Amino acid sequence: MFLHCVAMSEPAYSLYLTIRHADKTIPYPAAQREDSQNHGFVPLKGHPERAVQIPEVQSCPALVQSLERLNASDTAFYTAGCDWSLNSEDDERYWAKGYIDLVFVDPMRAGSCHAYFDLFCEFDTYLHERDYDDPVDFHWELEQVDFIEEGYLGWTVCLWVTTDFVREAENCQASWKAAVDLFCSFIEQVDL
């Protein structure tokens, strides 16, 4: 399934949602991948200060801050994973890509893909109302997951944020941070 919200005048950003079918569980163990090491699920809800201990965020203070915000006790979500990278093309142009895997705390909402569809459409409105116009891709990847300890099947949304190419690494990092900060501000206002 592919869902794409389009504003009346085409903004510089791209926002789209896909559904990915994979064998995903929460919690999940550490695992070596072809191109990276996954350090396993780290529960942060109610203890956002633990975010600095996650190896995947060590090179990205913006990701640490985002995890702290999203896992605060007064949000409707917790994070299930994250990563990020700053990439270059011949050390002349830079682009950043990273993700935050997000889950509703409420099992009824986490169990409903429709709750995530509604959230996606609300985020589209949120971007439009703020006249957001940075050249960033927001890819919402909805994934079915087996919540092993809770004993039910549900969903997560993996938000991928990818910047456009820019000439300076610092500007690239700032663009990625601004996009993720905007997403966190949106999530913080979602009712519990």
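The values are calculated or read from the model by the stated rules, or taken from the named source; none is laboratory data. Values in this document were obtained by computation on a predicted structure and should not be read as measured data. Neighbour counts run over all protein chains shown; Cβ positions are idealised from the backbone, glycine included. Protein only, heavy atoms only, side chains kept; ligands, DNA and RNA dropped before computing areas. Shrake-Rupley method; radii C 1.70, N 1.55, O 1.52, S 1.80 Å.
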So is Ser14 touching a Gly at 6+ places or on another chain (Cβ under 9 Å) and either open to solvent by less than 70 Å² (accessible area, probe 1.4 Å) or not aromatic (Phe, Trp, Tyr) (or both) or not? no
Looking across segment 162-174 at residues that are out of contact with any Pro (no Cβ under 8 Å at 6 or more places or on another chain) and open to solvent by less than 40 Å² (accessible area, probe 1.4 Å), the single one that is farthest from Leu63 (Cα to Cα) is Ala169
Would you be able to tell me the number of residues in segment 109-120 that are farther than 22 Å from Val42 by Cα and open to solvent by 60 Å² or more (accessible area, probe 1.4 Å)? 2
Pairs returned, first residue in segment 114-127 that is of a type in the set (Ser, Thr, Tyr), second residue that is not in a helix (DSSP H, G or I), beta-carbon separation under 6 angstrom, 6 or more apart or interchain, are Tyr116/Leu142; Tyr116/Trp155; Tyr116/Val157
When Tyr132 is evaluated against the numbered criteria (1) under 18 Å from Asp181 (Cβ atoms); (2) open to solvent by less than 50 Å² (accessible area, probe 1.4 Å); (3) at pLDDT 95 or above, which criterion, by number, is the only one it fails? (3)
Name every residue in segment 70-105 that is outside any loop (DSSP other than H, G, I, E, B) and open to solvent by 50 Å² or more (accessible area, probe 1.4 Å), in order of residue number. Leu86, Ser88, Glu89, Arg93, Trp95, Lys97
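If I ask for residues that are touching a helix residue (DSSP H, G or I) at 6+ places or on another chain (Cβ under 9 Å) and either over 23 Å from Asp164 (Cα atoms) or not hydrophobic (A, V, I, L, M, F, W, C) (or both), which ones from segment 94-109 would you list? Full working, then the answer.
As a first pass, look at segment 94-109 and keep what is touching a helix residue (DSSP H, G or I) at 6+ places or on another chain (Cβ under 9 Å): 94-98, 100, 102-104, 106, 108-109.
Hits for segment 94-109 are Tyr94, Lys97, Gly98, Leu102, Val103, Phe104, Asp106, Met108, Arg109.
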Provide a single number: the residues in segment 22-69 that are assigned to a strand (DSSP E or B), hydrophobic (A, V, I, L, M, F, W, C) and exposed (fewer than 11 other Cβ atoms within 10 Å of the Cβ). 1
Checking the structure you have, find out if any residue of segment 128-140 is closer than 26 Å to Ala51 by Cα, in contact with a helix residue (DSSP H, G or I) (Cβ under 9 Å, 6 or more places away or on another chain) and among the hydroxyl-bearing types (Ser, Thr, Tyr). no
Could you please give the count of residues in segment 1-53 that are modelled with pLDDT of 90 or more, closer than 30 Å to Phe165 by Cβ and in contact with a strand residue (DSSP E or B) (Cβ under 7 Å, 6 or more places away or on another chain)? 8
Hey, could you check segment 147-161 for residues that are out of contact with any Gly (no Cβ under 8 Å at 6 or more places or on another chain) and touching a residue at least 24 places away in the same chain (Cβ under 8 Å) and say which is most open to solvent (accessible area, probe 1.4 Å)? Glu149
